[in-house]
Amino acid sequence: MSKKFFAWLLVLSLLVVVLAGCGSSDNTSKDATSENAAPTSNEGEKTGPYKISVIVKATDSDYWQTLIAGAEAAEKDSNGKIVVTPDGPPSETDIDKQVSILENVISTKPDGIVIASTSSDATVPAVEKAVSQGIPVITIDNQLNTDKYTSFLATDHRKAAAAAAEAMVEDWKKMGVDPSGKKVIAISSVAGTKVNTERTEGFIEKIKELVPDIVVLETQYADNDISKALSIAENTIAANPDLIGIFADNNHMGVGVAKALEGTGKYKDIVCYAFDTNEDEITALKNGILRGLVVQNPFKMGYDGVMYAVDAVEGKEVPKNVIIDATIVTKENMEDPEIHKLLYPLE
């Protein structure tokens, strides 16, 4: 009995040692995880602020500077969550330069890209490359000839230009002018871009619909140059004494036409509506040189574009296409609070 007892006691002792060892191993593992191990993050998890590149059509334009201001406002409101880096070519005619900027941006692997493309085609390969690399691309203003983008924010340019034509016809009625047989012209910044084509065609289609007998002169292009727009407008006015309307399809064209109308004194007889805003256009509107402006909301486009890019990075659903309404601004309504905010979004 004694031998059996000691044998059982030996077995029991060995069992206790084994169990103690196992328990010690579990505790050591837990301590290493909860106290001694360094914190880790999930693979691919984003640390630090989202880097969003914003590329505009031209840095020489107040309009695109307002879009950048909207993007930077989104950065400010994020309290350090977003870092916005703006860039763009000097002029809207510098298409190759913008493509180069975009390609360089992609090589830096930003978290997202917001771009107002100068061309519907030239930037497509780079945009598709960015999307294939998992970089969300938010396009603004000019629709690209591809469906490989994250979201598109823009004015309905054709509809907005048609509204300018309607306003022009109403002005003629108030002036007691019969437009039948008279002449109008569209002066465009750049030939061949989708945005400018939609604007000029939208205006021409609507003015012909409203006044079937009106004479529409051949659209003239000024290479986004104010001095060229001025020269075109002056020459057109001199050669066509029955000219009663001019449509200018961006702010540089608007400024050039306004200078021509003021210089010739013909602003009392020729109604001009121009797209977009800058200080010179607003002054011309106040002084009655321009009859109206087709005002978009670039500040909102810049702000929303950045926020959509961040939403896409975070895996949230974003709308594929977003239309932001334009507003016809005249001397009569320009001091209305909502209109004033459109004209001076940074105040």
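The values are calculated or read from the model by the stated rules, or taken from the named source; none is laboratory data. Source: prediction; values computed, not measured. As a convention, Cβ positions derive from the backbone with ideal geometry for all residues, glycine included, and neighbour counts pool all protein chains shown. Just so you know, the surface numbers come from the protein's heavy atoms only, side chains and all, with ligands and any DNA or RNA stripped out. Shrake-Rupley method; radii C 1.70, N 1.55, O 1.52, S 1.80 Å.
Would you mind checking which residues have amide H under 5 Å from Cys272's amide H? H placed 1.01 Å from N; only 5 or more apart, or other chain.
When sequence neighbours closer than 5 places are left aside, the close amide H contacts are Ile246, Arg291, Gly292.
May I ask you to order 328-339, 89-100 by the average number of other C-beta atoms within 10 Å around their residues, highest value first?
In decreasing order of mean packing, 328-339, 89-100 become 89-100, 328-339.
Between Ala69 and Asn145, what is 0.36 nm times their sequence separation minus the Cα-Cα distance? Round to one decimal in nm.
Working it through step by step, the gained length comes to 24.6 nm.
Report the gain in length on full extension from Glu262 to Thr330: 0.36 nm times residue separation, minus Cα-Cα distance, nm rounded to one decimal.
22.7 nm
Give, as a single signed number, the net charge of other residues whose beta carbon lies under 11 Å from the beta carbon of Ser91, with Lys and Arg counted +1 and Asp and Glu -1. Let's see the in-between values first.
Working: positive: Lys57, Lys97; negative: Asp60, Glu92, Asp94, Asp223, Asp225.
So the surrounding residues net to -3.
Across the Cα atoms of segment 114-263, what radius of gyration and what greatest pairwise Cα-Cα distance (Dmax) are found, in Å?
Cα only, segment 114-263: 17.8, 60 Å (Rg, Dmax).
Could you derive backbone 3J(HN,Hα) for segment 278-288 from the dihedral phi with the Karplus parameters 6.51, -1.76 and 1.60 (θ = phi - 60°), listing whole Hz in sequence and x where the residue is Gly or Pro?
7, 4, 5, 5, 4, 4, 5, 5, 4, 8, x
Rounded if a/c is under 1.5, else prolate if a/b beats b/c, else oblate: with a ≥ b ≥ c from the C-alpha gyration tensor eigenvalues square-rooted, which is segment 134-181?
prolate
Can you work out the Karplus-derived ³J(HN,Hα) for every residue in segment 61-76? Use 6.51 cos²θ - 1.76 cosθ + 1.60 with θ = phi - 60°, whole Hz, and x for glycine or proline.
Running phi through 6.51 cos²θ - 1.76 cosθ + 1.60 with θ = phi - 60° gives 10, 4, 4, 6, 5, 5, 4, 4, 4, x, 5, 5, 5, 5, 4, 4 Hz.
What ³J(HN,Hα) values, in whole Hz, does the Karplus curve 6.51 cos²θ - 1.76 cosθ + 1.60 give for segment 195-211 when θ = phi - 60°, with x put for Gly and Pro?
Once θ is set to phi - 60°, the couplings for segment 195-211 become 4, 5, 5, 5, 5, 5, 5, x, 5, 5, 4, 6, 5, 5, 5, 7, 10 Hz.
Could you give the Stokes-Einstein D for segment 185-329 in µm² per second, using the C-alpha Kirkwood radius, 20 °C, 1.002 mPa s?
Calculated translational D: 131 µm²/s.
Shape of segment 233-308 from its Cα gyration tensor (a ≥ b ≥ c, root eigenvalues): rounded if a/c is under 1.5, otherwise prolate when a/b > b/c, or oblate?
prolate
Please give me the summed charge of the neighbours of Ile68: other residues whose Cβ is under 12 Å from its Cβ, Lys and Arg +1, Asp and Glu -1.
Overall, the nearby charge balance is -3.
Round to a whole number: what % of the accessible area of segment 180-302 belongs to carbon and sulfur, probe 1.4 Å?
In segment 180-302, the share of accessible area belonging to carbon and sulfur is 45 percent.
Using a 1.4 Å probe on the protein chains only, how many percent of the accessible area of segment 94-133 belongs to carbon and sulfur?
47
Looking only at Cα atoms, what is the convex hull volume of the chain per residue, in Å³?
Numbers: hull volume 59.7 nm³, N = 347.
Cα convex hull per residue, to the nearest whole number: 172 Å³.
Mind listing the long-range amide H neighbours of Lys51? Cut-off is under 5 Å, sequence gap 5 or more, other chains count too, H placed in the peptide plane at 1.01 Å from N.
Long-range HN contacts for Lys51: Val83, Asp111, Gly112.
Quote to one decimal, in nm, the extra length available between Thr93 and Ile323 on full extension: 0.36 nm per residue of separation minus the C-alpha distance between them.
Between Thr93 and Ile323, full extension yields 80.3 nm more.
I want to check the label-to-label distance for Val131 and Lys76. Put each point 7 Å from Cα in the C-beta direction and report it in nm to one decimal.
Those two pseudo-labels are separated by 3.3 nm.
Just the accessible area for Thr108, please: 1.4 Å probe, Å², rounded to the nearest 10?
100
Highest first, please rank the peptides 277-287, 185-195, 251-261 by the mean number of other Cβ atoms sitting within 10 Å of their residues.
The most tightly packed comes first, giving 251-261, 185-195, 277-287.
Shape call for segment 213-267 from the C-alpha gyration tensor, a ≥ b ≥ c root eigenvalues: rounded (a/c under 1.5), prolate (a/b greater than b/c) or oblate?
Cα axes put segment 213-267 in the oblate bin.
After finding the eigenvalues of the alpha carbon gyration tensor for segment 264-347, what semi-axes result from the square roots of 5 times each, listed largest first in whole Å?
34, 12, 10
If amide hydrogens are placed 1.01 Å from N in the peptide plane, which non-local residues have theirs closer than 5 Å to the one on Thr155?
Those qualifying (amide H under 5 Å, at least 5 residues apart or on another chain) are Asp141, Ile324.
Provide the per residue accessible area, probe 1.4 Å, for the chain, rounded to a whole number of square angstrom.
Per-residue value: 50 Å².
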